[in-house]
Structure formats: C-alpha cells, structure tokens
Amino acid sequence: MRVSYTALALVYAAGALCLISLGLIVSSRLRTEELADGILNLISWPMLLLSGVWFSMEGTSAAARFLSRLSPLTHLVDAARRVMIDGAGVTEVIRRCCF
C-alpha cells in the first residue's frame with residue numbers, strides 16, 4: 001500500500017464532513033427521529049450499492065454509472081483508492097474530482 005497518511009486523513013475528513021452534512025440536512029427538515037432514520041436509510045443504501053464499495057461499476061449500465069457519480073460516497077471511495085493504491089497526493093485527488 002503506497003499511501004500518504006496525511007492525504008488519506010484529509011480525504012476521509014472531507015468525506016465525513018460531506019456525509020455528516022447530508023445527515024444534518026435531512027434531520028433538520030423532519031419532525032420525528034423515526035422518519036429521519038427511514039429517509040437516511042433510503043438515501044444510504046442506494047449510495048452504498050452504487051458507490052463501488054462492494055463491487056465495480058464498470059459492467060453496469062450507463063444510467064447506473066451516472067447515478068453513482070451523483071453520490072458523494074463514490075467520490076470518497078475513488079479518492080481513497082487513488083491515495084492508497086496509486087500514491088496520489090491531495091492535489092491530484094482534488095484535480096481528478098473537481099476538474
């Protein structure tokens with residue numbers, strides 16, 4: 001594993017902030033905790049399935065790949081893999097994700 005632990009920590013911190021903000025947005029708009037839990041499950045399970053955590057998205061349809069690119073977890077997984085496997089730094093990850 002070729003990794004810069006600082007770059008990996010920054011990637012994980014950015015991903016955690018993004019997913020926490022998604023949870024806070026959902027929970028701030030709803031009245032009950034049970035409804036918020038249900039909505040967050042409806043959001044998180046498709047996000048996990050389409051992010052490439054469990055299986056590659058290369059063999060899927062174009063629509064599934066498009067939906068996976070909308071997920072913040074997909075970008076977090078791609079960035080973490082790029083840092084751990086390719087040894088990319090923070091600037092390469094930002095350049096790849098944003099531009």
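Scan segment 5-32 residue by residue and report those that are open to solvent by 50 Å² or more (accessible area, probe 1.4 Å) and over 14 Å from the mean Cα position of the chain (by Cα).
Once the filter is applied, which keeps residues that are open to solvent by 50 Å² or more (accessible area, probe 1.4 Å) and over 14 Å from the mean Cα position of the chain (by Cα), segment 5-32 yields Tyr5, Thr6, Ala9, Leu24, Ile25, Ser27, Ser28, Arg29, Leu30, Arg31, Thr32.
Inspect all residues belonging to segment 33-51 and state whether any of them is surrounded by 11 or more Cβ atoms within 10 Å (Cβ to Cβ) and of a type in the set (S, T, N, Q).
yes
Taking segment 34-86 on its own, how many of its residues are over 21 Å from Ser21 (Cα atoms), in contact (Cβ under 8 Å) with a residue 60 or more places away in the chain and of a type in the set (A, V, I, L, M)?
Count: 3.
Among all residue pairs at least 6 apart or on different chains, which show Cβ distances below 6 Å where the first residue, located in segment 14-33, is within 19 Å of Ala80 (Cα to Cα) and the second is in a helix (DSSP H, G or I) and open to solvent by less than 80 Å² (accessible area, probe 1.4 Å)?
Listed by first residue and then by second, the contacts come to Gly15/Leu76; Cys18/Pro72.
Looking at segment 62-85, is at least one residue surrounded by 11 or more Cβ atoms within 10 Å (Cβ to Cβ) and more than 18 Å from the chain's Cα centre (by Cα)?
Scanning segment 62-85, I find no residue that is surrounded by 11 or more Cβ atoms within 10 Å (Cβ to Cβ) and more than 18 Å from the chain's Cα centre (by Cα), so the answer is no.
The values are calculated or read from the model by the stated rules, or taken from the named source; none is laboratory data. Quick caveat, the model's predicted, so the values are computed rather than measured. Neighbour counts run over all protein chains shown; Cβ positions are idealised from the backbone, glycine included. For accessibility, only protein heavy atoms count, side chains too; no ligands or nucleic acids. Shrake-Rupley method; radii C 1.70, N 1.55, O 1.52, S 1.80 Å.
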